[in-house]
1. With only Lys, Arg, Asp and Glu charged, each at its Cβ (+1 for the first two, -1 for the last two), find how big the charge dipole of segment 105-235 is about the Cα centre; round to the nearest 20 debye.
2. With point charges of +1 on the Cβ of Lys and Arg and -1 on the Cβ of Asp and Glu, referenced to the Cα centre of the chain, which listed residue (444, 19, 228) lies farthest in the positive direction of the dipole?
3. Compare the Cα positions of 274, 296, 245 along the charge dipole of segment 236-310 (+1 at Cβ of Lys, Arg; -1 at Cβ of Asp, Glu; about the Cα centre) and return the one farthest towards the positive end.
4. Quick check on segment 304-387: what are the equivalent-ellipsoid semi-axes from the Cα gyration tensor, as sqrt(5λ), descending, whole Å?
5. To the nearest 20 Debye, how big is the dipole of the chain about its Cα centre, given +1 on the beta carbon of each Lys and Arg and -1 on that of each Asp and Glu?
6. Under the classification rounded if a/c is under 1.5, otherwise prolate if a/b is larger than b/c and oblate if not, where does segment 21-143 fall, given a ≥ b ≥ c as square roots of the Cα gyration tensor eigenvalues?
7. Which listed residue (191, 350, 173) has the Cα farthest towards the positive end of the charge dipole for the chain, taking +1 on Lys and Arg C-beta and -1 on Asp and Glu C-beta about the Cα centre?
8. What whole-number value in Å² describes the accessible area per residue of the chain for a 1.4 Å probe?
Amino acid sequence: MSSAAAPSGPAALVTLRAPRLPLLHALGAAADLGRYFDWRQRRAGDPFLVGFPAFGSAVFTGTPEGARELFRAPVELLVPPLPNPIEPMVGPASLILSRGTRHRQDRALLAPAFHRKRISAYGSVIRDAARAELEGGRTGTAWLPGTRVDARAAARAITLRVILAAVFGIDEPRRLREYTVATTEFLHSFGGPLFLVPALRRTMFGLTGWERFTAARDRLDELIDSEIVRRRGDARSGDASDILALLLGARYEDGGALEDADLREQLRTLLVAGHETTATSLVWALYRLHREPAVLARLRAELDEAGADLDPAELAALPYLDAVCQETLRLHPPVPIVLRRLTGDFALRGAPLVAGDTMGVSIQLLHSHPGVWPAPHEFRPERFLERRYSPFEFAPYGGGHRRCVGAALADYELRIVLAALVSSVRLRLSPRFARGRVPLTVPHNIATGPHAAITFDVSEP
Ligand code: HEM
């Protein structure tokens, strides 16, 4: 980056001002990332520079013009920023971290497993996962009148079940339990401090959080490795329709297959990327719907009219349900920033950048840009029925050559689970959440989510 000093060059170039007192900025961002970015953009204009001690700096944009430039930048100039805090979870071979030819080839191998046509095979798995949770599932609380349910715990249980079924084809209760325990321990042992402070990743006689995390990762890897070996040795496993079966059969352009160690990291990546993101969106959707009775009533009317026996694919295409899910992702994008590191010169909205600089889109700012979204802080699904938005105005799944590979699965899952929950039970937000300020958005592993567990009281139908 040409630093805080006025860059030399054409007059159109923009001067970026580095934040003074970066530690204070880091504290502000840690307290509420969304509000911090909003404040920073208002103060410094767009694009703006954000810099925190230990994380370095990045130039951000929150405008459709900036998003267009970033998502359309020449692919050969872009790599993911490394080191990346999620590397210990996903591994260096992960699609999220790979670059260049390797990224292009691995993406070509993984993407067909997430194609819309394939995803439709998971419709009944998704509906069953939602129904199982309504009956008590993993959280152990059936959604009966008079009970209080923790939406985050329930949503996590549902999305974990879906991702385990989609990736490994697991639905047999004993194996499901085994995988659920291993995956949950793995995902939840890598919390805030370990994520943010690499210096804490050290060993001390098995007593540190880092050692608990690596032990949980080893246990999950053992399960994944034995599954890979079992599938490779079972001639009939080629008939399976899950993602692992597809990846075992997939071949690079030169005829080679994914090596087992790399396959294991891609599978771990899918568990990490596909679980918390979707769970968080479900929680926000339930929260927003129950703060807006008119929206909830309109959604219920659409679902009632469609009938209980609707095929999941038809259900997922209902227009108001679709609008509710899009509006949720607009107001609460679970991945609030996307980043690219440059390998050569590039200008982002007139700001001159050089090799090694990092640039990003603040999805949250993009989704509240006043030129595109009237009353941006209101939950108004109708806006998605009134007009179509470009991929540079609405980008909850990022964009360009790294756009989320699981977007179709996430969209499908959100719609089917939300419909199952809303049409099966009557909920009331617990008094603490029913009025007043919207909960803060804080980091949860790879995604962000509400700072508190949002609870609902199940009422009589
Ligand atoms: C509501 C749910 C989800 C949201 C909001 C979301 C969002 C995102 C975003 C913003 C990115 C970065 C895109 C970019 O850099 O331009 C991403 C990447 C990715 N997502 Fe998702 N995601 C979701 C669900 C899923 C699911 C269900 C899976 C798979 C099971 C998944 C797998 C991935 C992978 C593998 C990448 C890396 C793609 C690459 O670098 O080529 N995501 N996601």
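1. 360
2. 19
3. Among 274, 296, 245, the one farthest towards the positive end of the dipole of segment 236-310 is 296.
4. Largest first, segment 304-387 gives 37, 16, 9 Å.
5. With Lys and Arg at +1 and Asp and Glu at -1, about 1160 debye.
6. Cα axes put segment 21-143 in the oblate bin.
7. Selected residue: 350.
8. The answer is 45 Å² per residue.
The values are calculated or read from the model by the stated rules, or taken from the named source; none is laboratory data. Note that the structure is a prediction, hence the values are computed from the model and not measured. Every residue, glycine as well, gets a Cβ built from its backbone with ideal geometry; the counts of neighbours run over all protein chains shown. The protein model used for the area step is the full one, side chains on, heavy atoms only, and it has no ligands, DNA or RNA in it. Shrake-Rupley method; radii C 1.70, N 1.55, O 1.52, S 1.80 Å.
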